[in-house]
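Heads up, the thing below is written out as structure tokens.
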């Protein structure tokens, strides 16, 4: 990260649990980067939209809980992912007042406020739901689905420890991600996302989302393996 910082660098963005890899930062890692923004005079945006969906013994650790991070820290979150309320379009920042004020000034010219229906629905869901709706159905499907690409000889996949995504490689017989994705959709009826949507991290990879019923996920992997 230090090598990437220049005089124009103003912001460090941290995304954990992470889309598209499904990775969760280790507890030790946030401690290591705590001093980095201070040393380089950077603001930090921590996207924690998937905070309630770690699994396989992984634990989410918010950067905002670390000593010394408060003055430069903006945590963003929402209800779309963990409470399966994606169409309500409701998110929120947590930051010091000196940062919230300019955020609100910019925001008011984009949209006046979130619809009252979304706001009251979120209050109701958060107060009545002790655990995230999405997380209750994920552990079984997650462990099965994150291992599935590795069971296919032509693909390899890093371990997933959070969210409902994995980022396996594409087989060697394909020149690029788009070719693989479109061919799979046309021939087998399985939809994936080309990894290049996520820039360099997704080169020669595809993102698989397993936020669906387990039998449908199993069928998709069966189709994929048969097609290959």
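Under the rule a/c < 1.5 gives rounded, and otherwise a/b versus b/c splits prolate from oblate, where does region 2-131 land using the Cα gyration tensor?
Oblate, since a/c reaches 1.5 and b/c is not below a/b.
For P(r) over Cα pairs in 5 Å bins from 0, in percent, pick the label among [x] 1, 6, 12, 15, 16, 16, 14, 10, 7, 3, 1, 0; [y] 1, 6, 14, 19, 20, 17, 11, 7, 3, 1, 0, 0; [z] 1, 6, 13, 16, 16, 13, 10, 9, 8, 5, 3, 1, 0 that corresponds to the value derived from the coordinates.
So the structure-derived entry is [x].
Compute the acute angle (0 to 90°) between the alpha-carbon long axis of helix 97-107 and the principal axis of greatest extent of the alpha-carbon atoms of the chain; round to the nearest 10°.
Between the helix axis and the principal axis of the chain, the angle is about 60 degrees.
How much length would be gained if the chain were fully extended between residue 216 and residue 120, taking 0.36 nm per residue of separation minus their Cα-Cα distance, in nm to one decimal?
Once the chain is fully extended between residue 216 and residue 120, it gains 31.3 nm.
From a point 7 Å beyond the Cα of residue 2 in the direction of its Cβ, which residues of region 10-53 have a backbone N at a distance under 13 Å?
33, 35-37, 39-40
What is region 65-111 by shape, rounded, prolate or oblate, if you read a ≥ b ≥ c off the alpha carbon gyration tensor as root eigenvalues and call it rounded for a/c under 1.5, prolate for a/b larger than b/c, and oblate otherwise?
Oblate is the answer for region 65-111, as a/c is 1.5 or above yet b/c matches or exceeds a/b.
By count of other Cβ within 10 Å, fewest leading, how are 21, 226, 65, 196 ordered?
Exposure proxy ranking, most exposed first: 226, 65, 196, 21.
Between the helical axis of 116-128 and the dominant principal axis of the chain, each derived from Cα atoms, what acute angle in degrees is found, rounded to the nearest 10?
80 degrees
I want to check the label-to-label distance for residue 11 and residue 159. Put each point 7 Å from Cα in the C-beta direction and report it in nm to one decimal.
3.3 nm
In whole percent, what relative contact order does the chain give with Cα contacts below 8 Å and a gap of six or more residues?
19 percent
What nm value, rounded to one decimal, do you get for the distance between residue 76 and residue 188 when each label is placed 7 Å out toward the C-beta?
3.4 nm
Mind checking the angle between helix 177-188 and the chain's longest principal axis? C-alpha axes, 0 to 90 degrees, to the nearest 10.
Around 50 degrees separate the two axes.
So how do 27, 60, 40 line up by other beta-carbon neighbours within 10 Å, fewest first?
With the fewest neighbours first, 27, 60, 40 line up as 27, 40, 60.
Coordinate-derived values only; no laboratory data. All values reported here derive from a predicted model rather than from experimental measurement. Backbone-built Cβ (ideal geometry, glycine too); neighbour counts: all protein chains shown.
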